[in-house]
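Undergrad: The structure is given below, and queries will be raised subsequently.
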Amino acid sequence: MFKKRTYTLEEAKKALENYCAYQERYHKEVRQKLQGMYMIPEAIDVIIVHLLQHNYLNEERFTKAYVSGKLKHKKWGKQRLIQELKKRDISKVNITKALAEINDEEYLNIFNDLAEKKFGLIKERNIYKRKKKLADYLLYRGWEAFLVYDKVNELVT
């Protein structure tokens, strides 16, 4: 049988400093990691305060990095970004700040490139099914409905 690994407060602090330094983390994720290390609630609170004070853990910074990364790499729209951040218990203030930093021109360019690329890959001959496939794809990725339907009508004629 495996023995549970126990950590002193200092060992856990050091481990979580490394965990947070590796990539941006959010509070809930760090709390889950500490619970997985079998830390008691009082120790978890002490470690989270330590990480916040030493700037290892910064939810605003996490949110901005998350939004930027998912927009550029996964090509998610604002609706999907908001949904995913809410799942992670990120505050509305931080979500709003991060979304405000998105450059509108860049956002629309990413949307247009994605829509045109996907449109070129849809082999469906029926015009209505083609429109539906494109619209469903873009909506699933979190793009706003007004953008999606305007683009679908522009591309599928």
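The values are calculated or read from the model by the stated rules, or taken from the named source; none is laboratory data. Not measured: the values here are computed from a predicted model. Reconstructed Cβ throughout: ideal geometry from the backbone, glycine too, with neighbour counts over all protein chains shown.
Undergrad: Quick one: is Ile44 surrounded by 18 or more Cβ atoms within 10 Å (Cβ to Cβ), β-branched (Val, Ile, Thr) and either in contact with a Ser or Thr (Cβ under 9 Å, 6 or more places away or on another chain) or more than 27 Å from Leu114 (Cα to Cα) (or both)? If you could, list the steps in order and put the result at the bottom.
TA: Details: surrounded by 18 or more Cβ atoms within 10 Å (Cβ to Cβ): yes; β-branched (Val, Ile, Thr): yes; either in contact with a Ser or Thr (Cβ under 9 Å, 6 or more places away or on another chain) or more than 27 Å from Leu114 (Cα to Cα) (or both): yes.
When the stated conditions are applied, Ile44 passes them.
Undergrad: Another question about this same structure. So which of Lys129, Lys133, Lys87 is on the phi < 0 side of the Ramachandran plot and in the same structural domain as Tyr66 (by TED's automatic domain parsing)? If you could, list the steps in order and put the result at the bottom.
TA: Details: Lys129 fails: in the same structural domain as Tyr66 (by TED's automatic domain parsing); Lys133 fails: in the same structural domain as Tyr66 (by TED's automatic domain parsing).
On inspection, the qualifying residue turns out to be Lys87.
Undergrad: Which is modelled with pLDDT of 95 or more and touching a helix residue (DSSP H, G or I) at 6+ places or on another chain (Cβ under 9 Å), of Lys87, Lys97?
TA: On the way: Lys87 fails: touching a helix residue (DSSP H, G or I) at 6+ places or on another chain (Cβ under 9 Å).
Step by step, each of Lys87, Lys97 is checked, and only Lys97 is modelled with pLDDT of 95 or more and touching a helix residue (DSSP H, G or I) at 6+ places or on another chain (Cβ under 9 Å).
Undergrad: Taking interchain pairs and intrachain pairs at least six residues apart, which have beta carbon atoms under 9 angstrom, with the first residue in the stretch 63-75 and outside the structural domain of Glu144 (by TED's automatic domain parsing) and the second hydroxyl-bearing (Ser, Thr, Tyr) and outside any helix (DSSP H, G or I)?
TA: Thr63/Tyr26; Thr63/Ser91; Tyr66/Tyr26
Undergrad: Have a look at Tyr56, Tyr66 and point out the one that is surrounded by 12 or more Cβ atoms within 10 Å (Cβ to Cβ), closer than 30 Å to Arg25 by Cβ and in contact with an Asp or Glu (Cβ under 6 Å, 6 or more places away or on another chain).
TA: Values: Tyr66 fails: in contact with an Asp or Glu (Cβ under 6 Å, 6 or more places away or on another chain).
Step by step, each of Tyr56, Tyr66 is checked, and only Tyr56 is surrounded by 12 or more Cβ atoms within 10 Å (Cβ to Cβ), closer than 30 Å to Arg25 by Cβ and in contact with an Asp or Glu (Cβ under 6 Å, 6 or more places away or on another chain).
Undergrad: Residue under question is Lys117, and the condition is that it be loosely packed, with under 15 Cβ neighbours inside 10 Å and free of Cβ contacts under 8 Å to residues at least 24 places away in the same chain; does it hold?
TA: Numbers: loosely packed, with under 15 Cβ neighbours inside 10 Å: yes; free of Cβ contacts under 8 Å to residues at least 24 places away in the same chain: yes.
In short, yes.
Undergrad: Of all residues in the stretch 113-128, how many are charged (D, E, K, R) and either at pLDDT 95 or above or in contact with a strand residue (DSSP E or B) (Cβ under 8 Å, 6 or more places away or on another chain) (or both)?
TA: First pass over the stretch 113-128, keeping only residues charged (D, E, K, R): 113, 116-118, 123-125.
When the remaining residues are screened for being either at pLDDT 95 or above or in contact with a strand residue (DSSP E or B) (Cβ under 8 Å, 6 or more places away or on another chain) (or both), the result is 113, 116-118.
Adding up the residues that qualify gives 4.
Undergrad: For the stretch 52-64, give me each residue that is in contact with a helix residue (DSSP H, G or I) (Cβ under 6 Å, 6 or more places away or on another chain) and not aromatic (Phe, Trp, Tyr). If you could, list the steps in order and put the result at the bottom.
TA: Narrowing the stretch 52-64 to residues in contact with a helix residue (DSSP H, G or I) (Cβ under 6 Å, 6 or more places away or on another chain): 56-57, 59-60, 63-64.
Scanning the stretch 52-64 gives Leu57, Glu59, Glu60, Thr63, Lys64.
Undergrad: Find the residue count for the stretch 84-112, including only residues that are farther than 30 Å from Ala15 by Cα and surrounded by fewer than 14 Cβ atoms within 10 Å (Cβ to Cβ).
TA: Number satisfying all stated conditions: 9.
Undergrad: Can you go through Ile90, Ile110, Ile102, Ile82 and tell me which one is of a type in the set (Val, Ile, Thr), within 27 Å of Val30 (Cα to Cα) and not in a loop (DSSP other than H, G, I, E, B)? Reasoning before the result, please.
TA: Details: Ile90 fails: not in a loop (DSSP other than H, G, I, E, B); Ile110 fails: within 27 Å of Val30 (Cα to Cα); Ile102 fails: not in a loop (DSSP other than H, G, I, E, B).
Result: Ile82 is the single residue among Ile90, Ile110, Ile102, Ile82 that is of a type in the set (Val, Ile, Thr), within 27 Å of Val30 (Cα to Cα) and not in a loop (DSSP other than H, G, I, E, B).
Undergrad: Residue by residue through the stretch 69-79, note down the ones that are buried (at least 17 other Cβ atoms within 10 Å of the Cβ) and in a helix (DSSP H, G or I). Step through it out loud before you land on a result.
TA: Within the stretch 69-79, the first condition is being buried (at least 17 other Cβ atoms within 10 Å of the Cβ), and the residues that meet it are 70-71, 75-78.
Result: Lys70, Leu71, Lys78.
Undergrad: Which members of the stretch 42-74 meet the condition of being more than 11 Å from the chain's Cα centre (by Cα) and either among the β-branched types (Val, Ile, Thr) or on the phi > 0 side of the Ramachandran plot (or both)?
TA: Across the stretch 42-74, the qualifying residues are Ile44, Val46, Ile47, Ile48, Val49, Asn55.
Undergrad: Here's another thing I want to ask about it. Would you mind stating whether Ala15 is out of contact with any helix residue (DSSP H, G or I) (no Cβ under 7 Å at 6 or more places or on another chain), farther than 30 Å from Glu144 by Cβ, assigned to a helix (DSSP H, G or I) and among the small types (Gly, Ala, Ser)?
TA: Details: out of contact with any helix residue (DSSP H, G or I) (no Cβ under 7 Å at 6 or more places or on another chain): yes; farther than 30 Å from Glu144 by Cβ: yes; assigned to a helix (DSSP H, G or I): yes; among the small types (Gly, Ala, Ser): yes.
When the stated conditions are applied, Ala15 passes them.
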